[in-house]
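Have a look at the structure below before the remarks.
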């Protein structure tokens, strides 16, 4: 067992080192050389000073970077910093920043920028004024200014504690989510203590994002395409096998674009790990804020969302395509669109991807893969043009030529082109971080990431002004009569008489079907097929009142949207176990929770995903040897 | 398998878990598809009852389980349901024998393959060998082979195979599952782990193999301790029998005998290895916390009324355990035992319970004993002419701040009393005002003597009750009144801070507590305003905010006030079906479908039906 980490004492942070003053003088002296261009700025320790209770000022020398885990609110006071591609300048409001141990760590980097041709004195005055405006203590200001140079960056880091993070951290398995994995250095500098009091811990740069050459080139090209005004609005489709960094690429791209554009749109087709919604959804979101954390920290209501109800689409690829088309129809082509796809690129998955490319007609396809192209063939326009998809056919079949080409244009994004030849630019990206593309080598199990997204979503049920976490079961639920909302189980057939056993204490999509819910009795209304319809959010069926015929539902969906909900979809996404298991203060048994189930009994486990057994040379006859 | 970073992170978490072992002994809590035991039993009985109507009902319930479990449905349940489905079909007489053979056949093939597949390791092992390992009759494996590679067998053989396999499933899975064989580990270690690792919720999802082994070792250790404790009990009972009465044997019990010395030696030996576990075992049911039958044997009348107890363990019972305790209560073990008792107390919700009473009384006895010995008064007090021996022979300086924390973490009606004891004995003492304030706060917290589990129920006054430091602070902030309460809060903070100074290691745990400490209910005025706002926004809609005056926090998810555990409680007697033939969504897309040059549907070799047609057909189908 690793030794218990002792959190740096706050007292340490409060007590600025006595010798600091002498050190300051020395640093000032050294910095003057640097300013005069006589010596390059030596790699100084981070200049982090406690600004007030729970806040710190950090001065980054030009091009100096800080890779960290933890969470905080970041505000730039002077100069500019870059965080996962997003340039933060002093006009930005405080940005919540999340760098949990489960994900690639964020790096804060001072941006060398063109400075206004003002005298150093004026710049210093500006920086000092900014610090004063944010109530940075005098002592701290002095300490920071001692290291000030015209092209440095000064940021204010504040302790961040939101209802969502509080809720997440209240679950025992996640309580250390934002804490470092292990202490990387044994020596603890005063700067580390200052950062720790804000809630972040420095970690080694290789825990941060590694941007490969090809990634850089692809990003460059995409930014140019998105910012050039003459070439039409780009639609960027990002694809590649699991664990090649699609999500991170997307976040990086979004942030880079937001430096130049007020908004980008993002279409999520990866129903296993959506960026902005709980799992199982295809959605279209308008993104205006930089993405500075993993999905569970920025769950938001998309412009359009459909609940597919599973975390993979192979069981019903037709509905998957239907859902995707439905969502895509909402895209108005006013701002660039980034489309994220599933990591399923083998066999049928690749064929499905070809369908998707054909149907969505992107202007750019970013194909991420490890260098040997083992997982998927290059998706050149020609390849997609000829290759049959899972539900669409390739162009070489003669019968296709008879079809009405003009009508097909509704599918084309760029108008007036020959419908038979896909027109997109293919960009290869070879991620170069360790473990790239190795299945099963993800940092965290995908099921856990899904649970975290759901918890992040449920965190919105917490009230903002209470310091403590309210357990879900203590919240007052909504109620709605059986007859007012239609009900459908998406992923399996449930006997109608027993359907409430499936619904009770389950995760449901709160949807809106255009049909009026007709009902002859006061009983529930069961749909005979799964509709492709708007999903307005999610909830937990807290209980089913069989006498009053009411569903009791806990949901963060705002009431004005909730009144539109007339359909509950139940899919293969479950409430995280820790929510059910962790219910406190209950007398007696907790439904669906037991300590008596014994997994070690044969047959007690689930069907395992087929592992590829190495069959030896013998065949079935060997059963009889 | 998981990345280095991931496992490192998990290990990091583990590092912070309270001492190993305190938790491990508790069996893994998992989420299952049935609401409770009753539902499980009902389905098991239903499936195996032989009446096809009841079997069908059970199958219907299993269909709901399948929805809850998704891909995680236990294989054995799935296989059983498939085989029972065949039997139901068979007895309905609707299928001809050939069709039945096909149905039985597939169910049998799936059973043999799926069950044995879990036992497959890296290289494939012949099915027969695997089947032999798990006691599946070889002829069933042969039948499977015949079904997949040979001639279709006769119906009679299929039926027989089905019955044999169902019986196997009943014996190996259904009747062993949910039994009292609490979470024994077994052959298939990685199985549980995989199950647990894909879940965030399982307490143990972060437990990796080494920990897992540790867990198993732990269990063995626990068993060892229990065995010795049982032998201690037996020995004492034997002594009692020689005396014919419990009261007479009190003296004899404390006389050392070679048998007793041997037992003490054994347990002391085990204590060297793991004190925590010994403490845990002592506090498991049947030892320091007796079961009813044990009390009866000792002729002790159990009074549920807490007043009668006066924080004392019934004398006979005290004397029964005194020799063992006196032998074990070293300085470190005393600390561990009392802390453990507080922890148990925290988890023990029902104040009328035997366990609750005994824990409080034992803590009180131990503390009184320490007080006496620390004060240097080494005397035997006489009661009813029977000398009662002391538990402690030497002074026991303890980590009092820790104990204070443990005590405060387990609030119950007796907390003020226990806290007072601790504060009186502790050296160095807290300042007078801190002691006063702590006691004051403790009695506010446990106001009215309400049991821990439902502090919210105790107060029916219109005033918002005070429960946590947060709510106190909130209150102070909001209303900025009642000065002395505000001071109490500050003092409390003072005390806590000082605790920090003394016990740095404790800081984290403390934080955890404040983090998870829920503000009870939703009675905050601020929330009330938000609720009212939402209520207004829902005017005229079918959706409403539940208005009933319900203490929701008392009801777990999936359970409503007044709902019983009746396994048939959620059955529907009427429902209506609705089809979405004219879903405008579809219509909107129909134009695209029909026009899209690339969709297969319109190729000559494409699908015969459009999606629309298909859904019309599907909606006409009745599956149940």
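The values are calculated or read from the model by the stated rules, or taken from the named source; none is laboratory data. This structure is a prediction, so every number in the text was calculated from the model and none was measured. When we count neighbours, we look across all protein chains shown, and the Cβ atoms used for this are built from the backbone with ideal geometry, even at glycine.
Do we find that residue B:136 is part of a helix (DSSP H, G or I) and surrounded by 15 or more Cβ atoms within 10 Å (Cβ to Cβ) in this structure?
no
Specify the residue that is farthest from residue A:501 (Cα to Cα); the eligible residues are those in segment B:557-567 that are more than 9 Å from every other protein chain (Cβ to nearest Cβ) and loosely packed, with under 14 Cβ neighbours inside 10 Å.
B:564
List the number of the failed condition for residue A:344; all other conditions in (1) part of a loop (DSSP other than H, G, I, E, B); (2) under 14 Å from the mean Cα position of the chain (by Cα) hold.
Exception for residue A:344: condition (2).
From the list A:580, A:569, A:562, which one is touching a helix residue (DSSP H, G or I) at 6+ places or on another chain (Cβ under 9 Å) and either at pLDDT below 95 or surrounded by 15 or more Cβ atoms within 10 Å (Cβ to Cβ) (or both)?
Values: A:580 fails: touching a helix residue (DSSP H, G or I) at 6+ places or on another chain (Cβ under 9 Å); A:569 fails: touching a helix residue (DSSP H, G or I) at 6+ places or on another chain (Cβ under 9 Å).
Just one listed residue meets the conditions, A:562.
Could you check segment A:583-605 and list, in sequence order, the residues that are at pLDDT below 90 and closer than 29 Å to residue B:543 by Cβ?
A:584, A:585, A:586, listed by residue number.
Tell me which residues, restricted to segment A:199-224, are exposed (fewer than 13 other Cβ atoms within 10 Å of the Cβ) and in a helix (DSSP H, G or I).
A:206, A:213, A:216, A:220, A:224
Name the residues in segment B:384-417 that are assigned to a helix (DSSP H, G or I) and touching a residue at least 60 places away in the same chain (Cβ under 8 Å), would you?
Correct list: B:401, B:402, B:403, B:404, B:405, B:406, B:407, B:409, B:417.
Based on what the data block shows, is residue B:178 buried (at least 18 other Cβ atoms within 10 Å of the Cβ), at the interface with chain A (Cβ under 9 Å from one of its Cβ atoms), at pLDDT below 90 and part of a loop (DSSP other than H, G, I, E, B)?
Yes.
How about segment A:321-332: which of its residues are out of contact with any strand residue (DSSP E or B) (no Cβ under 8 Å at 6 or more places or on another chain) and in contact (Cβ under 8 Å) with a residue 12 or more places away in the chain?
Of all residues in segment A:321-332, those out of contact with any strand residue (DSSP E or B) (no Cβ under 8 Å at 6 or more places or on another chain) come to A:321-322, A:325, A:329, A:332.
Answer for segment A:321-332, where residues must be out of contact with any strand residue (DSSP E or B) (no Cβ under 8 Å at 6 or more places or on another chain) and in contact (Cβ under 8 Å) with a residue 12 or more places away in the chain: A:321, A:322, A:325.
Does residue A:544 fit the bill of being at the interface with chain B (Cβ under 7 Å from one of its Cβ atoms), in contact with a helix residue (DSSP H, G or I) (Cβ under 7 Å, 6 or more places away or on another chain), farther than 24 Å from residue A:174 by Cα and modelled with pLDDT of 90 or more?
Taking the combined requirement at face value, the residue satisfies it.
State yes or no: is residue B:67 at the interface with chain A (Cβ under 8 Å from one of its Cβ atoms) and either farther than 28 Å from residue A:506 by Cα or part of a helix (DSSP H, G or I) (or both)?
Judged against the criteria, residue B:67 is a match.
If we keep just the residues of segment A:143-185 that are more than 14 Å from chain B (Cβ to nearest Cβ) and free of Cβ contacts under 8 Å to residues at least 24 places away in the same chain, which is farthest from the chain's Cα centre (by Cα)?
Going through the qualifying residues, I end up with A:145.
So, of the residues in segment B:47-64 that are more than 12 Å from every other protein chain (Cβ to nearest Cβ) and surrounded by 20 or more Cβ atoms within 10 Å (Cβ to Cβ), which turns out to be nearest to the chain's Cα centre (by Cα)?
Quick first cut of segment B:47-64, residues more than 12 Å from every other protein chain (Cβ to nearest Cβ) only: B:47-55.
From what is left, the residues that are surrounded by 20 or more Cβ atoms within 10 Å (Cβ to Cβ) are B:47, B:55.
Working: B:47: 27, B:55: 31 Å.
Only one residue tops the list, namely B:47.
What single numbered condition from (1) over 18 Å from residue A:453 (Cα atoms); (2) surrounded by 19 or more Cβ atoms within 10 Å (Cβ to Cβ) fails to hold for residue A:537?
Of the numbered conditions (1) over 18 Å from residue A:453 (Cα atoms); (2) surrounded by 19 or more Cβ atoms within 10 Å (Cβ to Cβ), the odd one out for residue A:537 is (1).
Of B:170, B:238, B:226, which residue is at pLDDT 75 or above, assigned by the TED database to the domain that holds residue B:83 and not in a loop (DSSP other than H, G, I, E, B)?
B:170
Can you confirm whether residue B:66 is out of contact with any helix residue (DSSP H, G or I) (no Cβ under 7 Å at 6 or more places or on another chain) and at pLDDT 95 or above?
So residue B:66 passes the test.
Determine if segment A:249-260 includes at least one residue that is within 24 Å of residue A:391 (Cα to Cα) and touching a strand residue (DSSP E or B) at 6+ places or on another chain (Cβ under 9 Å).
No; the residues of segment A:249-260 include none that is within 24 Å of residue A:391 (Cα to Cα) and touching a strand residue (DSSP E or B) at 6+ places or on another chain (Cβ under 9 Å).
Within segment A:513-522, identify whether any single residue is at pLDDT 95 or above, out of contact with any helix residue (DSSP H, G or I) (no Cβ under 8 Å at 6 or more places or on another chain) and either at the interface with chain B (Cβ under 7 Å from one of its Cβ atoms) or assigned to a loop (DSSP other than H, G, I, E, B) (or both), and answer yes or no.
Residues of segment A:513-522 at pLDDT 95 or above: none.
Scanning segment A:513-522, I find no residue that is at pLDDT 95 or above, out of contact with any helix residue (DSSP H, G or I) (no Cβ under 8 Å at 6 or more places or on another chain) and either at the interface with chain B (Cβ under 7 Å from one of its Cβ atoms) or assigned to a loop (DSSP other than H, G, I, E, B) (or both), so the answer is no.
Can you tell me which residue within segment A:540-559, out of those that are within 28 Å of the chain's Cα centre (by Cα) and within 20 Å of residue A:494 (Cα to Cα), is surrounded by the most Cβ atoms within 10 Å (Cβ to Cβ)? It would help to see each step written out before you state the result.
Here is the first cut: in segment A:540-559, the ones within 28 Å of the chain's Cα centre (by Cα) are A:540-542, A:553-559.
Add one more test, that the residue is within 20 Å of residue A:494 (Cα to Cα), and what stays is A:540-542.
Numbers: A:540: 25, A:541: 24, A:542: 27.
The qualifying residue surrounded by the most Cβ atoms within 10 Å (Cβ to Cβ) is A:542.
Give the residue, chosen from B:76, B:131, that is in contact (Cβ under 8 Å) with a residue 24 or more places away in the chain, buried (at least 21 other Cβ atoms within 10 Å of the Cβ), in a helix (DSSP H, G or I) and assigned by the TED database to the domain that holds residue B:149.
Checking each option against the conditions leaves just B:76.
Can you tell me which residue is surrounded by the most Cβ atoms within 10 Å (Cβ to Cβ) among those in segment B:85-106 that are more than 14 Å from chain A (Cβ to nearest Cβ) and under 24 Å from residue B:176 (Cβ atoms)?
B:86
Pairs please, first residue from segment B:525-552 and more than 8 Å from chain A (Cβ to nearest Cβ), second anywhere and crowded, with 16+ Cβ neighbours inside 10 Å and modelled with pLDDT under 90, Cβ atoms under 7 Å, 6+ apart in sequence or on different chains.
That search, which allows pairs on different chains as well, returns B:551/B:456; B:551/B:521.
Consider residue B:293 carefully, then state whether it is farther than 22 Å from residue B:242 by Cα, in the same structural domain as residue B:222 (by the TED database) and out of contact with any helix residue (DSSP H, G or I) (no Cβ under 9 Å at 6 or more places or on another chain).
no
Any idea which of A:279, A:274 is assigned to a loop (DSSP other than H, G, I, E, B), buried (at least 24 other Cβ atoms within 10 Å of the Cβ) and away from chain B (no Cβ under 14 Å)? Step through it out loud before you land on a result.
Working: A:279 fails: away from chain B (no Cβ under 14 Å).
Going through A:279, A:274 in turn, just one is assigned to a loop (DSSP other than H, G, I, E, B), buried (at least 24 other Cβ atoms within 10 Å of the Cβ) and away from chain B (no Cβ under 14 Å): A:274.
May I ask you to list the residues in segment A:493-512 that are touching a residue at least 60 places away in the same chain (Cβ under 8 Å), within 28 Å of residue A:317 (Cβ to Cβ) and in a loop (DSSP other than H, G, I, E, B)?
The answer is A:506, and nothing else.
Quick one: residue A:130 ticks every box in (1) at pLDDT 90 or above; (2) touching a strand residue (DSSP E or B) at 6+ places or on another chain (Cβ under 7 Å); (3) within 30 Å of residue A:463 (Cβ to Cβ) bar one, so which box is it?
(3)
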